[in-house]
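**Q** Before I ask anything, let me first share the structure, which is written out below as structure tokens.
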Amino acid sequence: MNTIIKGVSVSDAWKKAINHLVANDKEDYNLIVEIENPVSDDIYIRNNFNKVLHSMGDQSVETVSNTIFPLGMYEKSKDRNNFYERFSRVYPILRKVPENNKGTYFGRLIEWDYGRNKTINQVEHTIFKLAREKQNGRGIRVMYEMSIYDPELDCNNQMGFPCMSFISVKVRKNFIDLTAIYRNQYFVQKAYGNYLGLGRLLNFIAKESGYGIGKLTCIATHATLGPIKPKSNYDRMMSICNDQVQVELDLDV
């Protein structure tokens, strides 16, 4: 039986997912996490969890998020075309980093088939189709798909990039929902940043196509807690997930 976890925000959903995995031998299959408001998170929780990640030498929540949607670059761009152009200029540099030799998530989304054929901007094509259907009133809801997994590049992968395989966008009345499929998802090192980045990507697509922001759903076909050492970091994370950090601060006042 699949497990469905529902959260009102990114941080709420992440905390519930962590607690679920801890209670189930630290892994699960087909774990479905649904986030009602994917552009909302608790900055207090994020900042405290970033301290745990920093202590372990792992990437911050924001760094992971930016691999899916580079928010800072978007905010400094004049419009979405300028945003794409700016990213395309730095993408060859990003790919020189050894762990990015097969690309990045956002790179695969806006420059699919990079280095082999004419690239395809899947995000822009999705925005175009969504806006077209909204304008013509046909209301087609189910033709907005974006691939991450590349059968030519990734067919022999065992671990590593890409863990996310596919993104599907659906129209629900005047809103759009986004669903992401992960073949494997680390919930300590990656999930919080994954949710944040996907929420920002959904926000971008919704804004540019004229829809409201709907729900974010992430399906981890294999979900695992991931390594967390030493035990003090584990204890710190669990106190964050169970709201004990705030309780301790309140008691100190």
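**Q** For the range 15-37: of the residues being in a helix (DSSP H, G or I) and of a type in the set (A, V, I, L, M), which is surrounded by the most Cβ atoms within 10 Å (Cβ to Cβ)?
**A** Taking the candidates together, the pick is Ala17.
**Q** I would also like to ask the following. I'm told Trp112 meets every condition in (1) closer than 17 Å to Leu71 by Cα; (2) without any contact (Cβ under 8 Å) to a residue 60 or more places away in the chain except one. Can you identify the failing condition by its number?
**A** Trp112 satisfies all of (1) closer than 17 Å to Leu71 by Cα; (2) without any contact (Cβ under 8 Å) to a residue 60 or more places away in the chain except (1).
**Q** Looking at the range 85-123, which of its residues are loosely packed, with under 12 Cβ neighbours inside 10 Å, assigned to a loop (DSSP other than H, G, I, E, B) and either among the acidic types (Asp, Glu) or touching a Lys or Arg at 6+ places or on another chain (Cβ under 7 Å) (or both)?
**A** Asn101
**Q** State whether the residues of the range 147-158 include one that is aliphatic (A, V, I, L, M) and more than 26 Å from Trp14 (Cβ to Cβ).
**A** Among the residues of the range 147-158, at least one is aliphatic (A, V, I, L, M) and more than 26 Å from Trp14 (Cβ to Cβ), which makes the answer yes.
**Q** Go through the range 63-84 and report how many residues are surrounded by 12 or more Cβ atoms within 10 Å (Cβ to Cβ), over 20 Å from the mean Cα position of the chain (by Cα) and part of a helix (DSSP H, G or I). Talk me through it step by step, then tell me what you get.
**A** To start, the set of residues in the range 63-84 that are surrounded by 12 or more Cβ atoms within 10 Å (Cβ to Cβ) comprises 63-71, 73-74, 77, 80, 82-84.
Applying the additional criterion that residues be over 20 Å from the mean Cα position of the chain (by Cα) yields 77, 82.
When the remaining residues are screened for being part of a helix (DSSP H, G or I), the result is 82.
Total satisfying the criteria: 1.
**Q** So which helices (runs of 4 or more DSSP H) are wholly in the range 144-253 and hold at least 1 residues that are among the hydroxyl-bearing types (Ser, Thr, Tyr), crowded, with 20+ Cβ neighbours inside 10 Å and in contact (Cβ under 8 Å) with a residue 24 or more places away in the chain?
**A** Helices (runs of 4 or more DSSP H) meeting the threshold: 191-209.
**Q** Continuing with the same structure: Mind listing whichever residues of the range 54-92 are of a type in the set (A, V, I, L, M, F, W, C) and within 21 Å of Asp154 (Cα to Cα)?
**A** If the condition is that a residue be of a type in the set (A, V, I, L, M, F, W, C) and within 21 Å of Asp154 (Cα to Cα), then Val64, Ile68 are the ones that fit.
**Q** Might you let me know whether the range 40-48 holds any residue that is touching a residue at least 60 places away in the same chain (Cβ under 8 Å), part of a loop (DSSP other than H, G, I, E, B) and crowded, with 17+ Cβ neighbours inside 10 Å?
**A** yes
**Q** Only one of Lys170, Lys207, Lys190 is modelled with pLDDT of 95 or more, basic (Lys, Arg) and within 12 Å of the chain's Cα centre (by Cα); which?
**A** None of the others qualify; the one that does is Lys190.
The values are calculated or read from the model by the stated rules, or taken from the named source; none is laboratory data. Note that the structure is a prediction, hence the values are computed from the model and not measured. Positions of Cβ are generated from backbone atoms using ideal geometry, with glycine treated the same way; all protein chains shown enter the neighbour counts.
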